[in-house]
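Take a look at the structure below.
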Amino acid sequence: AKKNLLRTHTTSASARALFRLARQEKFSPVKYFSIDRVFRNESLDATHLAEFHQVEGVVADRGLTLGHLMGTLRQFFTKLGISQLRFKPAYNPYTEPSMEVFSYHEGLKKWVEVGNSGVFRP
């Protein structure tokens, strides 16, 4: 605990945003997004880097479904020029349901994970 460590994820920003949301007297729908550089102790290869940018978003409203999440992710990746997407069920301890997002990489000739997502439990 006494060593400095480079940030491994941006989840702390989302946690602070959710805390502020929970303290609201009257709920109002919100969208929070953060983009920042993170660092991991990874073996470098074509699909893993030790330093990369993480994009994280939270959309809070009543009546949202997994379909809304998938539509938001499709729109986000399409605007980045990534249109070939697949969604695969996954396990995350803090969301249910959860999904990994894959895109076909022409250069590697294979599907690579480009994201992870899920719906927070109430």
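The values are calculated or read from the model by the stated rules, or taken from the named source; none is laboratory data. The shown structure was predicted, so the numbers you read here are calculated from the model rather than taken from an experiment. Cβ placement follows ideal geometry from the backbone for every residue including glycine, while neighbour counts extend to all protein chains displayed. Each accessible area value is taken on the protein alone, full model and side chains, heavy atoms only, with ligands, DNA and RNA left out. Shrake-Rupley method; radii C 1.70, N 1.55, O 1.52, S 1.80 Å.
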Checklist entry - Which of the following values of mean projected area of the Cα convex hull in nm² was calculated from the structure shown: (i) 9.5; (ii) 19.8; (iii) 8.6? => result (i)
Next on the checklist: If you roll a 1.4 angstrom probe over the protein chains with everything in place, what fraction of the accessible area of the stretch 64-121 belongs to carbon and sulfur, to the nearest %?
Outcome noted: 58 percent
Checklist entry - With no solvent and one point on each alpha carbon, what is the Debye value of log10 I(q)/I(0) for the stretch 1-62 at q = 0.12, 0.14, 0.22 Å⁻¹? => result -0.43, -0.55, -0.91
Checklist entry - Once phi is turned into θ = phi - 60°, what whole-Hz ³J(HN,Hα) does the Karplus curve with 6.51, -1.76 and 1.60 give for every residue of the stretch 22-35, x standing for Gly and Pro? => result 5, 8, 5, 5, 10, 5, 9, x, 9, 9, 10, 9, 9, 9
Checklist entry - What is the set of long-range amide H partners of G118 at a cut-off below 5 Å, with H atoms built 1.01 Å from backbone N? => result M99
Checklist outcome for this item: Of the candidates A46, L6, A17, the farthest towards the positive dipole end of the stretch 1-62 (Lys/Arg Cβ +1, Asp/Glu Cβ -1, centred on the Cα centre) is A17
Checklist entry - How far is the Cα center of the stretch 81-122 from the Cα center of the stretch 55-80, in Å? => result 12 Å
Item to check | Residues with amide H under 5 Å from that of W111, placed H, sequence gap 5 or more | outcome: H105
Checklist outcome for this item: A correct Kirkwood calculation over the Cα atoms of the stretch 64-121 returns a hydrodynamic radius in Å of 11.8 Å
